1. Please work out the ratio of the alpha-carbon Rg of region 25-304 to 2.2 N^0.38 Å and round it to two decimals.
2. Using +1 at the Cβ of each Lys and Arg and -1 at the Cβ of each Asp and Glu in region 25-304, identify which of ILE228, ALA57, SER96 lies farthest towards the dipole's positive end.
3. Quick check on region 38-104: take the gyration tensor over C-alpha atoms, sort the square-rooted eigenvalues as a ≥ b ≥ c, and tell me if it's rounded (a/c under 1.5), prolate or oblate.
4. Looking at the square roots a ≥ b ≥ c of the eigenvalues of the Cα gyration tensor of region 216-285, which shape do they give, rounded for a/c under 1.5, prolate if a/b is larger than b/c, or oblate?
5. Cross-chain or 8 or more residues apart, Cα under 25 Å: how many lysine pairs in region 25-304 fit that? Count them up, please.
6. Over region 111-269, how many percent of alpha carbon pairs lie in each 5 Å bin up to the one with the longest distance?
7. Packing-wise, with mean Cβ within 10 Å as the measure, how do 38-49, 244-255, 229-240 rank, highest first?
8. Of TYR172, SER146, ALA34, which is farthest along the charge dipole of region 25-304 in the positive direction, counting Lys and Arg as +1 and Asp and Glu as -1 at C-beta?
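A short reminder: the numbers here are calculations on the coordinates, not readings from a lab. Quantities reported herein were computed from a predicted structural model and do not represent experimental measurements. No Cβ is skipped: glycine too gets one built from the backbone with ideal geometry, and neighbour counts run over all protein chains shown.
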Amino acid sequence: MTENRCVALLLIAVACFTQALRAEMVTVGNPGNASDSNGFGAVSYTFRISRYEFTNAEYVRFLNAVDPTGVNLYQIYSTEMTTNSRGGILLNVNESVGQKYSSKENMGNKPVNFVGWREAARVANWLHNGQGPGGTETGAYALNGSVAGDGLGAPARSLDALYWIPTEHEWYKAAYYNPEAQNGYFNFATQSDATPSATLADSNGNGIAGPLGNFANLDDGAAWNGQIGNLTTVGTNGSSSYYGTYDQTGNVAEWNDRLGEASVNKGVRGGDWSGFTGASAGSRYQFAVGTENSRLGFRLASSVPEPGSLVLMSVAGFGFVFKRLRRMKKHR
């Protein structure tokens, strides 16, 4: 391999690494906004949040990275992901190390489900620690091996977390706030006060949202793959929120960190593929942190990178390139 080609490949790798950590996040600005009439949504700082719900393909990448042999030490994989008709992930213990998990056909771009609060927190830790074989037990949350049924509940978020499960206020603002709206907030995360129509689906599970945009995957409208009501491809179900997030009105309901306090229960907001329950801004719930079902998933929030941080990552990347070149020259 020539030095020029090596440099090019390494620069691409650095660029991909940098982009991966920040993929599909949108910025939620307008810091210091007032709360809605129900007291939710006021956030004094700018932050970022996932544009889409965390997908099966993304969760497969996480599983293969942190559990390459498929031992499932911290119960991050649920057998329901495979056995349930609306689950989207397969485990094949006969596959090679690092390839044990895979997405079901047409399910990679659907939101992951059968994940409890701890599973979402472990993904946040993994991202905080740089992905790859990055640790899952410390970082954003000090989980330290806790699993469902051990009675330990969920820890509070670390103050230096780089990624985290959004607080209820963060989640609410990303979904419903619009500084250009008459009252500042909409009742649905489709930038509308009118109840969304139910999304239909094509044979591959892509949402068919219609021309007006005020649609969401709820009320068993998305019938495909033999299911009367099913998950649909993220981002294909009607219009986004003001900040560009999708599916906070439907597809799967989502965990939130309920102001970040340590608790055995955590908050849930948003609608899901079945029924209208939870779809509006006035709906909020809490479940035990180990709750897992076909109607529950998550998205993550993150800090806004300072301009200097991108420069530092680029410098680190170039340092890696130059070290690699020196090794090549030394061993010629």
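1. Numbers: Rg = 17.7 Å, N = 280, 2.2 N^0.38 = 18.7 Å.
My calculation over the Cα atoms of region 25-304 gives 0.95.
2. Result: SER96.
3. Values: a/c = 2.88, a/b = 2.19, b/c = 1.32.
Because a/c hits 1.5 or more and a/b exceeds b/c, region 38-104 counts as prolate.
4. Working: a/c = 2.30, a/b = 1.61, b/c = 1.43.
Prolate is the answer for region 216-285, as a/c is 1.5 or above and a/b outweighs b/c.
5. Values: LYS100/LYS110; LYS110/LYS173; LYS110/LYS266; LYS173/LYS266.
Value for region 25-304: 4.
6. 2, 9, 15, 17, 15, 15, 13, 10, 3, 0
7. 244-255, 229-240, 38-49
8. SER146
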